[in-house]
Amino acid sequence: MRFLKSTLILLILVIGNAQAQTHTGPVPVVRIRTGWSADLFTVDTGQAHINPANCPSADGYYASSADPGYKTFYAAALLAFSMGKSVSLYISNFQCTEQRPRIIGLIIEK
């Protein structure tokens with residue numbers, strides 16, 4: 001019984017940590033950069049960039065075509081930029097893309 005209880009507590013802690021990712025809150029999209037001979041893009045917000053995974057560089061939020069959700073993130077970022085809408089960016093706590101903070105979610109704010 002003690003083993004089962006300990007296992008359940010550990011499972012709850014692991015699931016909770018996996019779901020708790022860092023986000024920017026509503027920020028403007030002031031620039032979108034595309035990769036130099038690479039299929040990636042960067043969202044710049046004109047504000048200090050959060051860097052929860054301690055990536056070597058934090059000059060924007062990155063997504064590459066190798067990242068899950070890349071096409072959706074890119075389409076949403078372009079839409080928000082063209083319409084002047086703010087976004088909330090969800091950034092990986094554990095992984096970097098091209099040594100920079102990795103986009104794992106993007107919400108267009110009204």
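The values are calculated or read from the model by the stated rules, or taken from the named source; none is laboratory data. Fair warning: this is a prediction, and the values are worked out from it, not measured in the lab. For neighbour counting, all protein chains shown are included, and Cβ atoms are generated from backbone atoms with ideal geometry for every residue, glycine included.
Condition first: surrounded by fewer than 12 Cβ atoms within 10 Å (Cβ to Cβ) and closer than 21 Å to Glu109 by Cβ. Now tell me which residues in region 32-58 satisfy that.
Result: Gly46, Gln47, Ala48.
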query = Across region 21-31, which residue is surrounded by the most Cβ atoms within 10 Å (Cβ to Cβ) among those that are among the hydrophobic types (A, V, I, L, M, F, W, C) and touching a residue at least 24 places away in the same chain (Cβ under 8 Å)?
reply = Val29
inquiry  = Consider region 82-105. How many of its residues are of a type in the set (A, V, I, L, M) and surrounded by fewer than 18 Cβ atoms within 10 Å (Cβ to Cβ)?
reply    = 1
query = Only one residue in Ile12, Ile50 is at pLDDT below 95 and outside any strand (DSSP E or B). Which one?
reply = Ile12
request  = May I ask you to list the residues in region 59-81 that are under 11 Å from Thr97 (Cα atoms), among the aliphatic types (A, V, I, L, M) and surrounded by fewer than 17 Cβ atoms within 10 Å (Cβ to Cβ)?
outcome  = Ala66
Output for region 60-104, where each listed residue is aromatic (Phe, Trp, Tyr), part of a strand (DSSP E or B) and closer than 15 Å to Asp39 by Cβ = Tyr62
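Every residue, every condition in (1) farther than 17 Å from Gln21 by Cβ; (2) without any contact (Cβ under 8 Å) to a residue 60 or more places away in the chain, yes or no:
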site: Arg33; (1), (2): yes, yes
site: His49; (1), (2): no, yes
site: Ala76; (1), (2): no, yes
site: Phe81; (1), (2): yes, yes
site: Asn93; (1), (2): no, no
